[in-house]
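Trainee: First the structure, which I've put down as structure tokens, then a few questions once you've had a look.
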Amino acid sequence: MVNVKLKNVEELAVMRTSGKLLAMVFDYLDSVIQVGISTMDINNLAEQYIVQQLNARPASKGQYDYQYVLNTSVNHVVCHGIPADTQKLKSGDIINVDITLEQGGFIADSSKMYMIGDVLPLAKRLVEQTYEAMWQGIRAVKPGATLGDVGHAIQRHAEQQGYSVVREFCGHGIGREMHEEPQVLHYGEPGEGLVLQEGMVFTIEPMINQGKAKVKVKKDGWTVVTTDKKLSAQWEHTIAVTSDGYEVLTLRTDEQHFAEQAKAL
């Protein structure tokens, strides 16, 4: 039996604050992530902003002995890319920046794709359609729906666009711990899996590949790459199940209009 920790009104209020702070980190990074910056600089600037400006804790640092505050996954890196001084972003790169933040005892988790300089149309399309796949999953969230409904919505959109869904990694429940139950697969069948109920909080974070779904972990034990070296993209939000649908706790300023349109559908 899956032990899902439902959040009450007071806990959700704290998680909402953590989510808003994390959205502010991305708003800040929007102005600094550009051609020539190193992925380690992104890490250091994010840590400085989280600690000094937001008075919060970068929750990834020290988790599972990880040394950094975020993951930077460039081009064919699927997830868990490690920041490095020697890795400088160049025009044409796509990069996923994945950050967690804790404030008031509760953690928020989100990631965003950045397109650096002049990005090829095929790469831009992958980034945009992965974003839409995430939102297809988010829009399936409501009490009485199932995790299979969420995964199916993501998988259906990705595969209709000619892409593949990575299956080795998934979304997860989140709260006082970074990884709680349930596991949120980004593929599945309608009506199958755990039934959603108000108070559940979890991440939706599909990893979508331009080529085959197969991935491998590099010798560093962290970095996951596509085996065919084709591009991969990922977006992530922390989602709460509400009485009548969902709330995106990590919604960023640049998404407000899109989110309103999504709610109206």
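The values are calculated or read from the model by the stated rules, or taken from the named source; none is laboratory data. Here the structure is a predicted model, which means the values were calculated and not measured. Cβ placement follows ideal geometry from the backbone for every residue including glycine, while neighbour counts extend to all protein chains displayed. What goes into the accessible areas is simple: the full protein's heavy atoms, side chains included, and nothing from ligands, DNA or RNA. Shrake-Rupley method; radii C 1.70, N 1.55, O 1.52, S 1.80 Å.
Trainee: Given a cut-off of under 8 Å on Cα pairs at least six residues apart, what relative contact order in percent is computed for the stretch 199-265?
Mentor: Result for the stretch 199-265 is 31 percent.
Trainee: Something else about it: Of all the C-alpha pairs in the chain, what % are more than 32 Å from each other?
Mentor: In whole percent, the long-distance tail amounts to 16.
Trainee: What is the percent carbon and sulfur in the accessible area of the stretch 138-193, measuring with a 1.4 Å probe over the protein chains and ignoring ligands?
Mentor: Here carbon and sulfur together make up 43 percent of the probe-accessible area.
Trainee: How high is the relative contact order of the stretch 150-255? Use alpha-carbon pairs under 8 Å, at least six apart in sequence, and give a whole percent.
Mentor: That works out to 25 percent.
Trainee: While we're looking at this one, here's another question. Compute the whole-percent fraction of alpha carbon pairs in the stretch 1-99 spaced more than 21 Å apart.
Mentor: Across the stretch 1-99, Cα pairs with separations above 21 Å total 41 percent.
Trainee: Can you order the peptides 150-161, 217-228, 51-62 by their average number of other Cβ atoms within 10 Å per residue, highest first?
Mentor: Averaged packing, sorted descending, gives the order 150-161, 51-62, 217-228.
Trainee: Which residues does the label zone of Ala259 cover in the stretch 16-39, counting backbone N under 18 Å from a point 7 Å along Cα→Cβ?
Mentor: Residues 16-30 qualify, since their backbone N sits under 18 Å from the label point.
Trainee: If I model a spin label as a point 7 Å beyond the Cα along the Cα-Cβ vector, how far apart are those points for Glu10 and Thr86 in nm?
Mentor: Going from the Glu10 label point to the Thr86 one covers 5.1 nm.
Trainee: While we're here: Using alpha-carbon positions, what is the distance between the centroids of the stretch 201-226 and the stretch 228-243, in Å?
Mentor: Taking the Cα centre of each part, the stretch 201-226 and the stretch 228-243 sit 11 Å apart.
Trainee: Mean separation of Cα pairs under 8 Å and 6+ residues apart, divided by the residue count of the stretch 41-200: what relative contact order is that in percent?
Mentor: Normalised by residue count, the contact order of the stretch 41-200 is 17 percent.
Trainee: Using a probe radius of 1.4 Å on heavy atoms only, what accessible surface per residue do you get for the chain? Whole Å² is fine.
Mentor: Solvent-accessible surface per residue comes out at 45 Å².
Trainee: Another one. Pull out a ≥ b ≥ c, the square roots of the eigenvalues of the alpha-carbon gyration tensor of the stretch 139-204, then state rounded if a/c is under 1.5, prolate if not and a/b is larger than b/c, and oblate in the remaining case.
Mentor: oblate
Trainee: In addition: With a/c under 1.5 counting as rounded, go ahead and sort the stretch 73-155 into rounded, prolate or oblate using the C-alpha gyration tensor (a ≥ b ≥ c being the square roots of the eigenvalues; past the cut-off, prolate if a/b is larger than b/c, else oblate). Numbers along the way, then the final one.
Mentor: Details: a/c = 2.93, a/b = 1.39, b/c = 2.11.
Oblate, because a/c is 1.5 or more while a/b does not exceed b/c.
Trainee: Going by the alpha-carbon gyration tensor, a ≥ b ≥ c the square roots of its eigenvalues, is the stretch 113-265 rounded (a/c under 1.5) or, if a/c is not under 1.5, prolate (a/b greater than b/c) versus oblate?
Mentor: prolate
Trainee: Right, something else. If you count, for each residue, the other Cβ atoms within 10 Å and average over each peptide, how do 3-9, 19-25 line up from highest to lowest?
Mentor: The densest-packed peptide leads the list: 19-25, 3-9.
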